[in-house]
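The values are calculated or read from the model by the stated rules, or taken from the named source; none is laboratory data. None of the values given here were measured: they were computed from a predicted structure. Glycine gets a Cβ as well: all are built from the backbone with ideal geometry, and neighbour counts include every protein chain shown.
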Amino acid sequence: MQKEDNCSGEPDKTLAAVCGLFCEACTLFIATREDPARLKGLAARFQLSEEAVKCYGCRSDKRGPYCEKCKMFSCAVERGIDFCVECEDYPCNDLKQFQSERPHRIELWDNLNRIRDVGYKSWLKEVKEHYTCPMCQTINSAYDLRCRKCGQEPSCNYVSKHKLAIESTLKNM
């Protein structure tokens with residue numbers, strides 16, 4: 001089960017994926033934590049049960065179907081590292097291919113470099129702002145063109161920066 005931030009306000013490492021993705025901005029994470037209708041729709045789309053698509057973050061005991069099979073996670077565990085940027089083979093071909101496949105991964109290199117430079121705790125605070133609606137402070141996924149709570153467009157800074165790539169991908173889904 002997903003751990004909450006501790007009482008001291010320390011960011012939860014579970015939400016910092018080894019590859020540099022921000023788990024709280026993942027549509028599966030959002031669906032799992034607070035959007036049952038989204039969870040139901042994703043389960044239908046993937047032809048899986050709602051339980052099977054639930055995800056509480058990269059480092060949690062319950063990951064979504066894609067993340068459960070993640071090569072980067074397995075590799076990081078085998079090498080005893082926390083993030084891909086710590087690896088002597090960074091960036092490997094698996095990570096390069098992964099980064100190039102979807103628009104929610106566009107900033108992966110920036111994220112990993114920032115994690116290396118300032119640490120995951122500071123990065124988590126920064127990246128959270130990047131996905132937060134400026135109007136209502138809701139965290140949105142990279143694919144939420146409008147804020148899922150208040151309808152603000154764009155939903156967040158990430159969407160504002162990468163709207164064309166996101167729209168192109170959404171058209172082909």
* Looking only at region 6-16, count how many residues are crowded, with 24+ Cβ neighbours inside 10 Å and farther than 18 Å from Gln137 by Cβ. => 1
* In this structure, does Cys67 turn out to be at pLDDT below 95, under 15 Å from the mean Cα position of the chain (by Cα) and under 21 Å from Thr32 (Cα atoms)? -> yes
* Scanning region 132-173 for residues that are closer than 13 Å to Ile106 by Cβ, of a type outside the set (S, T, N, Q) and touching a Phe, Trp or Tyr at 6+ places or on another chain (Cβ under 9 Å), which turns out surrounded by the most Cβ atoms within 10 Å (Cβ to Cβ)? -> Ala142
* Asked: If you go through region 37-54 one residue at a time, do you hit one that is at pLDDT 95 or above, under 21 Å from Lys13 (Cβ atoms) and among the basic types (Lys, Arg)?
  -> yes
* (1) farther than 14 Å from Cys26 by Cα; (2) at pLDDT 95 or above; (3) among the charged types (D, E, K, R): which one isn't true of Arg105, the others all being true? -> (1)
* Six or more apart or on different chains, Cβ under 6 Å: which pairs go from a residue in region 152-173 that's closer than 20 Å to Lys128 by Cβ to one that's not in a loop (DSSP other than H, G, I, E, B)? Could you list them? => Pro154/Ser160; Cys156/Thr132; Asn157/His130; Tyr158/His130; His162/Pro103; Ile166/Pro103
* To do: For Tyr56, indicate whether it is in contact (Cβ under 8 Å) with a residue 12 or more places away in the chain, within 18 Å of the chain's Cα centre (by Cα) and within 26 Å of Ser122 (Cβ to Cβ).
  => yes
* **Lys171 being modelled with pLDDT of 95 or more and either among the polar types (S, T, N, Q) or out of contact with any helix residue (DSSP H, G or I) (no Cβ under 9 Å at 6 or more places or on another chain) (or both)** => no
* To do: Check Ser122, Ser168, Ser160 and return the single one that is hydroxyl-bearing (Ser, Thr, Tyr) and under 20 Å from Cys23 (Cβ atoms).
  => Ser122
* How many residues are among the basic types (Lys, Arg) and closer than 21 Å to Lys13 by Cβ when one looks only at region 76-112? -> 2
* Examine region 126-137 for a residue that is touching a strand residue (DSSP E or B) at 6+ places or on another chain (Cβ under 9 Å), in a helix (DSSP H, G or I) and of a type in the set (Lys, Arg), and state whether such a residue exists. => yes
